[in-house]
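Notes for the one structure printed next.
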Amino acid sequence: MIAQLSNWGRWGVDDQRGTLNFIGPAQILAARECIRTGEVVSMTLPYDSAGPQIGGIGRNNPQLFPLATGTDYLAGRQDPLPGSWGPARGMGYADDYLVTPTQVGTQWDSLAHVFFDGCMYNGRSAAEVDSHGARHNGIENYHGRLVSRGVLLDIPRLLGIDHLAEGTPITVELLEAACEQQAVEVRTGDALVVRTGFLEHRRSDWGDFGRGGDAPGLSLHTLPWLHEREVAAVATDTWGVEVRPNEIGFFQPFHIVGLTHMGLAIGEIFDLEAIARASAADGHYDFFFCADPLPLTGGIGSPVSALAIR
């Protein structure tokens, strides 16, 4: 499967964007046709202490810390203002900073995230990712590229259930049945957004959601289907996109083949409840998709504000 689906060298030996190369001006202009009402729907889980991360593999929920507050201002601790700013004269300010891993909530994996046989995407050595970050394949290469047509495939709605159970593989047959039921076609350069309902199911009690527990997800065997259709990106409402337990005797084989060898953009922990509701209400399952990562130089992943414009 690796040899059949590999995109190493397809866009040149220096390529660091993988399947995002399928998105060009034609795909972005065509995506405008999906804007019918001007409604904007968020697909991003809030970044706060109520998120799904409870310390698995060192990831914790984001922590927001104040540097300056309104109570400081009212107590007179900002008059005069710090440094060379001069006297406040009635003016005050608030400021804060954020401490977070880059892959704790709605996020993209970079092409430097997963290695296999000593390499990452396009044959780059894993040694290129060190304490200074990724010298190649960092998330900054995705910045300004994740704008295209989005297609939601709502698998629980197809099956008439609230959510898929742990360990349920989403097969090619399910993807095609969802396309048929929703009257939508997957095209070159699309961002495929696959709903399992699992995030909604776990939202009141995350359990092992954020640290690699069992989950529904895409089958390894959907990758030839995605490759043939030249899908630019795949995002789901689970922690790792692919089904857990894994289908074969490798850890996260969908990532090994899809991310490392295809260069497929993979998005995780997308909040799809609102877009699923909106799509079911009017029967339109495609939208203008905008989900740009932060340009974190050498970053292994990035938080994202993911929007569907309908």
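The values are calculated or read from the model by the stated rules, or taken from the named source; none is laboratory data. If you're wondering where the values come from, they're calculated on a predicted model, not measured in any experiment. All Cβ positions, glycine included, derive from the backbone under ideal geometry; neighbour counts span all protein chains shown. All accessible areas refer to the heavy atoms of the entire protein, side chains included, with ligands and DNA or RNA removed. Shrake-Rupley method; radii C 1.70, N 1.55, O 1.52, S 1.80 Å.
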**Message:** What is the angle, in °, between the Cα long axis of helix 273-282 and the longest principal axis of the Cα atoms in the chain? Nearest 10 is fine, range 0 to 90.
**Reply:** 60 degrees
**Asked** Can you list the HN-Hα couplings for the stretch 23-35, worked out from phi with the Karplus curve (6.51, -1.76, 1.60; θ = phi - 60°), rounded to whole Hz and with x for Gly and Pro?
**Response** 8, x, x, 5, 5, 5, 5, 5, 5, 4, 5, 7, 8
**Prompt:** Taking amide hydrogens as modeled 1.01 Å from N in the peptide plane, which residues meet the under 5 Å criterion relative to THR44, leaving out close sequence neighbours?
**Reply:** ASP271, ALA306
**Prompt:** Excluding LEU199 itself, what net charge comes from residues whose Cβ is under 11 Å from its Cβ, given Lys and Arg +1 and Asp and Glu -1?
**Reply:** -2
**Asked** Hey, how much of the P(r) for the stretch 186-310 falls beyond 17 Å, as a percent of Cα pairs?
**Response** 60 percent
**Request:** Determine, for each peptide in 2-14, 34-46, 74-86, the mean count of other beta carbons within 10 angstrom over its residues, then list the peptides with the highest first.
**Result:** 34-46, 2-14, 74-86
**Request:** Enter the accessible area of ASP162 (Å², nearest 10), with the probe set to 1.4 Å and all protein chains included.
**Result:** 120 Å²
**Item:** Distance-filtered residues of the stretch 1-21 - backbone nitrogen under 17 Å, label point 7 angstrom along ALA30 Cα→Cβ
**Value:** 19-21
**Item:** Extension reserve of the SER131-ASP162 stretch, reckoned as 0.36 nm per residue once the Cα distance is removed
**Value:** 6.9 nm
**Request:** Indicate, rounded to the nearest 5 percent, the antiparallel portion of the DSSP beta bridges found entirely in the chain.
**Result:** 65 percent
**Request:** Could you calculate the contour length gain from ASP48 to GLU273, that is, 0.36 nm times the residue separation minus the distance between their Cα atoms, to one decimal place in nm?
**Result:** 79.2 nm
**Item:** Folded to 0 to 90 degrees: helix 172-182 orientation relative to the chain principal axis, Cα
**Value:** 70 degrees
**Message:** Using Cα-Cα distances under 8 Å and only pairs 6 or more residues apart, what relative contact order does the chain have, in percent?
**Reply:** 31 percent
**Asked** Using 19 Å as the cut-off for backbone N distance, which residues of the stretch 1-43 belong to the label zone defined by a point 7 Å from the Cα of ALA183 along Cα→Cβ?
**Response** 33-38
**Request:** When a/c is below 1.5 the answer is rounded, else prolate if a/b is larger than b/c, else oblate, so apply that to the stretch 96-150 with a ≥ b ≥ c taken from the square roots of the Cα gyration tensor eigenvalues.
**Result:** oblate
**Request:** Report the chymotrypsin sites (Phe, Trp or Tyr not before Pro) located in the stretch 137-243 that are in a DSSP loop and have at most 13 other Cβ atoms inside 10 Å of their Cβ, or state none.
**Result:** none
**Prompt:** Tally Lys and Arg at +1 and Asp and Glu at -1 over the other residues with C-beta under 12 Å from the C-beta of GLN181: what net charge comes out?
**Reply:** -2
**Request:** Assuming a ≥ b ≥ c are the square roots of the Cα gyration tensor eigenvalues, decide whether the stretch 1-68 counts as rounded (a/c under 1.5), prolate (otherwise, with a/b larger than b/c) or oblate.
**Result:** oblate
**Complete:** The percentage of the accessible area of the stretch 1-127 (probe 1.4 Å, all protein chains present) made up of carbon and sulfur atoms, to the nearest whole number, is 56 percent
**Request:** With both partners inside the stretch 61-196, how many of the DSSP beta bridges are antiparallel, as a percent to the nearest 5?
**Result:** 65 percent
**Message:** What does the charge count around PRO245 come to, taking other residues whose C-beta lies under 10 Å from its C-beta (Lys +1, Arg +1, Asp -1, Glu -1)?
**Reply:** -2
**Message:** Quick check: pseudo-label points 7 Å beyond the Cα along Cα→Cβ at ALA68 and GLU228, how many nm apart are they?
**Reply:** 6.0 nm
**Item:** Length added when fully stretched, TRP85-SER204, from 0.36 nm per residue minus Cα-Cα
**Value:** 38.2 nm
